[in-house]
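*Asks:* Here it is: the structure, laid out below.
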Amino acid sequence: MSKEEHHVDFLRWRRVRQRQKERQFYRLLDDVLTFAEKRTLMREKVRARHIFQQLTGQKPDQPGALSGLAEQVFRIWYALDYINIRHRRLIQEFLDAGGETWLDKKSRLIWASTLIASFYSIFFLTRSGEDWILKEMASDLPPLTADPRYWPTEGWQEGASVMARPVKVGVHYLPIGPIRMMSPEETDDVRRWLERVYATKKLDQPHLPWRVFMQRHGLGWLSQLESGGSVES
C-alpha cells in the first residue's frame, strides 16, 4: 500500500469523535431531565421546590415565584444537585432505574460524574483575538474558550461576566442550563455576597470545596441579581 492509503486524517477523526460525544452528552442530559420531571413523585418535587426557594430567597407561598431564569436553573438543579429523601441525586436514581442502556457502563458513569461535578459560578470575560475567554472566580478550573457554536457570545462585553454552568465534553466546554450575563456592578454585588456566605460556611466546614458550596448554598445569586443585593445568608 502507498503512504497515502495509510494516512489517517486526525482532524476529521477528532471532529467525528467530538460530534459523537456531544450527541451522547445531550441525549443523556435530556433523558435525565425528562426522568426528573416525569418519573419522580409530586411530594419529592414539592420538597425540592421548597428547598430551592429557601436557597434562592424566593417566597414558597408566592404564586409563580419560580419563573424565567429561576425556573430554568431549578430544572437543572433538581436533576443534578438536589438530594432526595433517599439521600441520593436524581441522576443516580435515573441510572439505577436502567436509564441509558444504549450507553456502555463506563460511558454512563463518566457522563454522570461529569454532570454531577459541574456547578454554576461567575466567569469573567476577556478577549484573546476573536475568542472570548472565561476565567472562573474561585476554583481551579482552567480558563476556557467560549466557542460561539455553543455559547451565546453575541452582546458580550469585555469587563463583564457571566453566571454559567460549563461542562467539558470532548475538547470543548459546553454550557448547561441558562447563562446570565452580568454588568460589572452586578458582578461585584454577587461576588461579594458569595464570598461572604462562603466564608461563613467554612467556619463550620473548613474544607468545603467551592463546587459543593455553589451547589448546596450558592443559589442565592439568583435573588442577588433580582433584588439588587438584599438577600441574606
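The values are calculated or read from the model by the stated rules, or taken from the named source; none is laboratory data. Owing to the predicted nature of the structure, the values given are computational and were not obtained by experimental measurement. Neighbour counts are summed over all protein chains in view; Cβ atoms, including those assigned to glycine, are modelled from backbone coordinates with ideal geometry. Accessible surface areas use protein heavy atoms only, side chains included; no ligands, DNA or RNA. Shrake-Rupley method; radii C 1.70, N 1.55, O 1.52, S 1.80 Å.
*Asks:* Taking only segment 200-214 into account, find how many residues are aliphatic (A, V, I, L, M), within 22 Å of the chain's Cα centre (by Cα) and either buried (at least 18 other Cβ atoms within 10 Å of the Cβ) or assigned to a helix (DSSP H, G or I) (or both).
*Replies:* 2
*Asks:* In this structure, is Ser113 of a type in the set (Gly, Ala, Ser), modelled with pLDDT of 90 or more and either outside any helix (DSSP H, G or I) or open to solvent by less than 80 Å² (accessible area, probe 1.4 Å) (or both)?
*Replies:* When the stated conditions are applied, Ser113 passes them.
*Asks:* Do you know which residues across segment 140-181 are of a type in the set (A, V, I, L, M, F, W, C) and within 15 Å of Leu115 (Cβ to Cβ)?
*Replies:* Ala164, Val167, Val169, Leu174, Ile176
*Asks:* Can you work out which of the residues in segment 154-197 that are assigned to a strand (DSSP E or B) and of a type in the set (Val, Ile, Thr) is surrounded by the fewest Cβ atoms within 10 Å (Cβ to Cβ)?
*Replies:* Only one residue tops the list, namely Val167.
*Asks:* If you don't mind, there's one more thing I want to ask. If I filter segment 76-110 down to residues being farther than 26 Å from His50 by Cα and basic (Lys, Arg), which single residue comes out as least open to solvent (accessible area, probe 1.4 Å)?
*Replies:* Step by step, filter segment 76-110, then rank; the result is Arg108.
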